[in-house]
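J.: Below is one structure. I have some questions about it.
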Amino acid sequence: MNVAIAGGGVVGRSIARDLARNDHDVLLIESDPAVVAREQAEDDRNIRWYTGDACEVSTLQDAGFGNADVVVAATGDDEDNLVVSLLAKQEFAVPRVIARVNHPKNLWLFNETWGVDVSVSTPHLMTALVEEAVSVGSLVRLLHFSEGKAGLVEVTLAEDSPAGGRRIADLGMPRDASVVALVRERRVVVPRGDTTLLAGDEVIALVTVDSEDAVRRILVG
């Protein structure tokens, strides 16, 4: 897979190295020549560096943005990440655009209007992880995508959950929602229709905005 990353800071470099270790072809665009020179000298992984402003169409063309299967806008500036995302989608028709959100107050901007398929906000992720770790019998939103119209939610089933002791096929889940994974005693269980849910199970479900309340009633009560 060809991945193009805008921003050669700590975040961009870490993403690039992880992807390169998994044998993906990575292009990393950074505006600071000193950073590029230093990293090229130290880095022997499958990463191609390019010096330039990722907010300029000419830079993206010369760097080969049009070959990317996925673009990651990972600079430390939200305005730059939005511009990169928009150019990736509109000028180069990149199938998948992932953007870093530096300031939570800007999260509402990172949607399909700006070419963003998935936005990543560290504060929101940390909040979800904290809630997931301490909440029993509550529905926790883990991830939103498709402009906030769908997402992953998690519920740790309480002792009095209406879903306890029932098969997934008998839950009456909405058509636009599905149980995609279970974590039981720290082991991942691939759910099937005849899988029986138990108190203490961590249930991960794919839901839409319209089906979330119904899923909450089924799993939480």
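J.: Being among the aliphatic types (A, V, I, L, M) and either within 30 Å of residue 218 (Cβ to Cβ) or modelled with pLDDT of 95 or more (or both) narrows it down to one residue among 136, 116; which is it?
T.: Sole residue among the options that is among the aliphatic types (A, V, I, L, M) and either within 30 Å of residue 218 (Cβ to Cβ) or modelled with pLDDT of 95 or more (or both): 136.
J.: While we're looking at this one, here's another question. Can you tell me which residues in the range 203-221 are in contact (Cβ under 8 Å) with a residue 60 or more places away in the chain and either under 13 Å from residue 152 (Cα atoms) or in contact with an Asp or Glu (Cβ under 9 Å, 6 or more places away or on another chain) (or both)?
T.: 204, 209, 212, 215, 216, 221
J.: For the range 77-96, check the following and say yes or no: at least one residue is buried (at least 19 other Cβ atoms within 10 Å of the Cβ), touching a residue at least 40 places away in the same chain (Cβ under 8 Å), within 16 Å of residue 1 (Cα to Cα) and among the β-branched types (Val, Ile, Thr).
T.: Scanning the range 77-96 turns up at least one residue that is buried (at least 19 other Cβ atoms within 10 Å of the Cβ), touching a residue at least 40 places away in the same chain (Cβ under 8 Å), within 16 Å of residue 1 (Cα to Cα) and among the β-branched types (Val, Ile, Thr).
J.: Let me ask something else about it. Cβ-Cβ under 7 Å, sequence separation 6+ or interchain: first residue in the range 169-181 and in contact (Cβ under 8 Å) with a residue 40 or more places away in the chain and surrounded by fewer than 12 Cβ atoms within 10 Å (Cβ to Cβ), partner outside any loop (DSSP other than H, G, I, E, B) and of a type outside the set (S, T, N, Q). Which pairs?
T.: Cβ pairs passing all conditions: 172/218.
J.: Just one of the numbered conditions (1) more than 16 Å from residue 75 (Cβ to Cβ); (2) at pLDDT 90 or above; (3) of a type outside the set (D, E, K, R) is not true of residue 102; which one?
T.: (1)
The values are calculated or read from the model by the stated rules, or taken from the named source; none is laboratory data. Keep in mind the model is a prediction, meaning the values are calculated, not measured. All Cβ positions, glycine included, derive from the backbone under ideal geometry; neighbour counts span all protein chains shown.
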